[in-house]
């Protein structure tokens, strides 16, 4: 590979990672040895690339993962809202407020009065981290009922017509506050989050190579395209962990062809062969745009399973998909949210409804800390319009949590009320 | 000791040490600092708090890495596989053989804590743009120190980096001859080191589009072969090929691929080479007539 210079990639995108992680998954090689080989390759690449050593020094050589004790997350207080505040340059819709020990976030939609030009399609991402400005969302001051006053920062994206995101306060507000004032406009926090329940399921036994390939298909992100599973398949064949005539090889290839190249991109061609559940259900409904519209606030927290604890703060459904707001332990070091490591510590985000439809989620936005990471998980295909219960299933290697949420959309919410400061 | 170095010419490069241009020379398997008459004495002085010097640091680094299998996987595979970092002007921070690098308070512009040490230099400084590899000993991890040393050694000029590859390959060849001499974790590195250089040699020997190649590393008691079967080149060679053939620059000779080189005496080698038609191997006798006549190798053996 070193000699095939036309195939060179970035230092963080070593082509050895995919086969190495497959071999580690089936215990054909230890993670430590695999990381050593990959690190040697990365240094050899750096030695052969202009400024490669400088890049390596900037990123640093691979670091060993530290084991940490995982504590269950503390549930946040999530209050659904439906409040629209008039603003000089537009309207700010307050959708929900999340109050946690260390932060307060307010989910908002910003609609400016006079867009300068029109976006080609609704929902096109234009900005992240907007902070006021002529057409950008405001960054209001927020006060709680105990006198805590805080500035806010907006993060999110959207089009010139509408931006969605969250206002994060500079300091946490009181978790038990009865109301907040946003630039002087009071928003009562009286509504209760939806009911939920949680259980932990052990995953059924299956050959390690099968488990690895299906899991690799399920864990995708917006930042790295999974072009092929063949490097992993070839490594598993060479290690004797797969037989050449194993039907799973064709099944995973068929699923990969039919899935979007990366989340958010157009779907692939229809699967050319029958694939097992839950993939069959997933692929059969992809491309639809008949999902219900609405938001459900909840404060669900799982116990520790497979070394993770997950909190889900909301489910927001749109015609073309749905999204949850989640916190995950452990923190950034173990999540590897933007890449695929030799021994990735990532969750597959599955969901299912009461009509036996399945959904797959991908990390859409993410920010990490020492102890936990916060992320928005976007699911596809859209929720079935007649689904009445949703099971959100963050799935580890051995077990998964099942958070069950009744899908009661806007009926429980009060009508919108527009006020002016 | 097996005189594996026979046939290899000396190699020499310039190191900037204590404000002067010093010579480091490899000859007959030994590295020496020509401008330092008493390296042991200088080491002792440095241990007592005296100033260390790049020449002695280089000798020490060479000693530490002369059986480091990472050298084999990181170093160049051949003339077409040049290390970008070997351009001295582009990588002044490596600290060796850099005309810009001087030592002494007059020119000092120190920047600490960038992670790479420069062979443990106490005060390597740079007089132009860029940054030095300065880091006080003990301020960086052993792994980072080892990597820094490796980079410096692998980017040495004057052919010294190839002598280091030969040195390391000879060390591992000797270990492979012992039962359990090469632990399982090292074998993939040795195999990759051999395969990469065989592949590179074949590609440039045959030219044209990439040839599909299958490779097997064999023991020294097996017969080396290079044949074509079903459009695939199948090579099987021992690890010793790296020492006996590749390191001596005779991987191809007279348009042929050299499968093996056996020393007949101090100046004569018998090669076994195969032509581009991949027919039967033919023997070639190679005689090296040095100006001073045959060398007495027994003193080094």
For the pair residue B:177 and residue A:113, the simple spin-label estimate (label points 7 Å beyond Cα toward Cβ) gives in nm 9.0 nm
The residues A:356, A:327, A:376, B:67, sorted from fewest to most surrounding Cβ atoms within 10 Å, come out as A:356, B:67, A:376, A:327
Gyration tensor on Cα atoms of the range B:185-287, a ≥ b ≥ c root eigenvalues, a/c under 1.5 rounded, else prolate if a/b beats b/c, else oblate, says oblate
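With 10 angstrom as the radius, rank A:144, B:180 by how many other C-beta atoms surround their C-beta, starting from the fewest.
On the way: A:144 22, B:180 7.
If I rank by nearby Cβ atoms, fewest first, I get B:180, A:144.
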Taking every residue of A:95-107, the Cβ atoms of other protein chains inside 10 Å of its Cβ average out to 0
By Cβ neighbour count within 10 Å, fewest first, A:392, A:219, B:218, B:151 rank B:218, A:219, B:151, A:392
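Just counting partner chain Cβ atoms within 10 Å, what average do the residues of peptide B:183-194 show around their Cβ?
Details: counts 0, 1, 6, 0, 0, 5, 3, 0, 0, 6, 0, 0.
Whole-number average of other-chain Cβ neighbours for B:183-194 is 2.
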For peptide B:77-84, the mean count of other chain Cβ atoms within 10 Å per residue Cβ is 4
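Would you mind classifying the range A:273-314 by shape? Square roots of the alpha carbon gyration tensor eigenvalues, ordered a ≥ b ≥ c; an a/c under 1.5 is rounded, otherwise it is prolate if a/b is larger than b/c and oblate if not.
Numbers: a/c = 5.45, a/b = 1.39, b/c = 3.92.
It is oblate, given that a/c is not under 1.5 and a/b is not larger than b/c.
Given the Cα-Cα distance of residue B:45 and residue B:213 and 0.36 nm per residue of separation, how much length would full extension add, in nm?
Numbers: separation 168, 0.36 × 168 = 60.48 nm, distance 5.37 nm.
Gain on stretching residue B:45 to residue B:213: 55.1 nm.
Just to verify a number: FRET efficiency for residue B:285 and residue A:227, C-beta to C-beta distance, R0 = 41 Å, to 0.05?
Working: r = 52 Å, r/R0 = 1.27.
For residue B:285 and residue A:227, the calculated efficiency is 0.20.
Suppose we look only past 19 Å in the calculated P(r) of the range A:161-265. What percent of the Cα-Cα pairs does that tail hold?
Percent of Cα pairs beyond 19 Å in the range A:161-265: 67.
Only the coordinates and a few stated rules stand behind these numbers; no lab work does. Because the structure is predicted, anything quoted here is derived from the model rather than measured. For neighbour counting, all protein chains shown are included, and Cβ atoms are generated from backbone atoms with ideal geometry for every residue, glycine included.
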